[in-house]
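Asks: The structure is given below, and queries will be raised subsequently.
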Amino acid sequence: MLKGIHHAAIICSDFVQSKHFYVDILGLEVVAENYRAERDSYKLDLRLPDGSQIELFSFPDCPPRPSYPEARGLRHLAFCVDSVEAATDNLVSAGVTVEPIRRDEYTGKKFTFFCDPDGLPLELYEA
């Protein structure tokens, strides 16, 4: 029935800052950008190389996401990379704080976590 994940939707507090992060730092491709005046909201469609997408929304006065302690709901968004070390180096050189690299105890694959400008937990997971 299900064939894959088409997109994940993210709500940000600062559209310009988050657009810079996802496009210029993470390298996602802009598919479409729309301002919806009736909602005072931007919607930015971003594509990853495998075709999956992120919808980046801005809404005025949205509450912050509870993360620590973790709340129910989506825990984090994980991105597949060829090399966790290389991706981590790129993030650190762009001023992004990244946790130490760890190994998945079940698969042996390397992974690490970092956050977007609003503190949304993101993961790099080695393919």
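The values are calculated or read from the model by the stated rules, or taken from the named source; none is laboratory data. Note that the coordinates shown come from a computational prediction; the quantities given were computed from them, not determined experimentally. As a convention, Cβ positions derive from the backbone with ideal geometry for all residues, glycine included, and neighbour counts pool all protein chains shown.
Asks: Condition test on E55, is it in contact (Cβ under 8 Å) with a residue 24 or more places away in the chain, among the acidic types (D, E) and in the same structural domain as P121 (by TED's automatic domain parsing)?
Replies: So E55 fails the test.
Asks: Return the pair list, or none, for Cβ contacts closer than 7 Å from residues in segment 7-22 that are in the same structural domain as I54 (by TED's automatic domain parsing) and closer than 20 Å to F79 by Cα to residues that are in a helix (DSSP H, G or I) and modelled with pLDDT of 95 or more, at least 6 apart or on different chains.
Replies: Pairs that qualify, where the first residue is in the same structural domain as I54 (by TED's automatic domain parsing) and closer than 20 Å to F79 by Cα and the partner is in a helix (DSSP H, G or I) and modelled with pLDDT of 95 or more, are C12/S18.
Asks: While we're looking at this one, here's another question. Filter segment 1-16 for residues that are touching a strand residue (DSSP E or B) at 6+ places or on another chain (Cβ under 7 Å) and not in a strand (DSSP E or B); which is farthest from Y42 (Cα to Cα)? If you could, list the steps in order and put the result at the bottom.
Replies: Initial filter on segment 1-16 (touching a strand residue (DSSP E or B) at 6+ places or on another chain (Cβ under 7 Å)): 6-12, 15.
Still in the list and also not in a strand (DSSP E or B): 6, 15.
Numbers: H6: 20, F15: 7 Å.
The qualifying residue farthest from Y42 (Cα to Cα) is H6.
Asks: Then there is this: Go through (1) within 18 Å of I11 (Cβ to Cβ); (2) part of a strand (DSSP E or B) one by one and return the number of the condition C80 breaks.
Replies: For C80, the failing item is (1).
To keep it simple, each residue is scored yes or no on (1) on the phi < 0 side of the Ramachandran plot; (2) surrounded by 15 or more Cβ atoms within 10 Å (Cβ to Cβ); (3) not charged (D, E, K, R).
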position: A32; (1), (2), (3): yes, no, yes
position: P49; (1), (2), (3): yes, no, yes
position: G73; (1), (2), (3): no, no, yes
position: S93; (1), (2), (3): yes, no, yes
position: E105; (1), (2), (3): yes, no, no
position: F113; (1), (2), (3): yes, yes, yes
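Asks: Go through (1) modelled with pLDDT under 95; (2) surrounded by 12 or more Cβ atoms within 10 Å (Cβ to Cβ); (3) of a type in the set (D, E) one by one and return the number of the condition E99 breaks.
Replies: In the conditions (1) modelled with pLDDT under 95; (2) surrounded by 12 or more Cβ atoms within 10 Å (Cβ to Cβ); (3) of a type in the set (D, E), E99 misses (1) alone.
Asks: A further question on this structure: Take the conditions out of contact with any Phe, Trp or Tyr (no Cβ under 6 Å at 6 or more places or on another chain) and within 18 Å of A127 (Cα to Cα) and apply them to I101. Does it pass?
Replies: Criteria met by I101.
Asks: Just for segment 19-40: of the residues that are more than 18 Å from D116 (Cβ to Cβ) and of a type in the set (A, V, I, L, M, F, W, C), which one is farthest from the chain's Cα centre (by Cα)? If you could, list the steps in order and put the result at the bottom.
Replies: Taking segment 19-40 and keeping what is more than 18 Å from D116 (Cβ to Cβ), we get 31-32, 34-40.
Subset that is of a type in the set (A, V, I, L, M, F, W, C): 31-32, 37.
Numbers: V31: 16, A32: 17, A37: 25 Å.
The qualifying residue farthest from the chain's Cα centre (by Cα) is A37.
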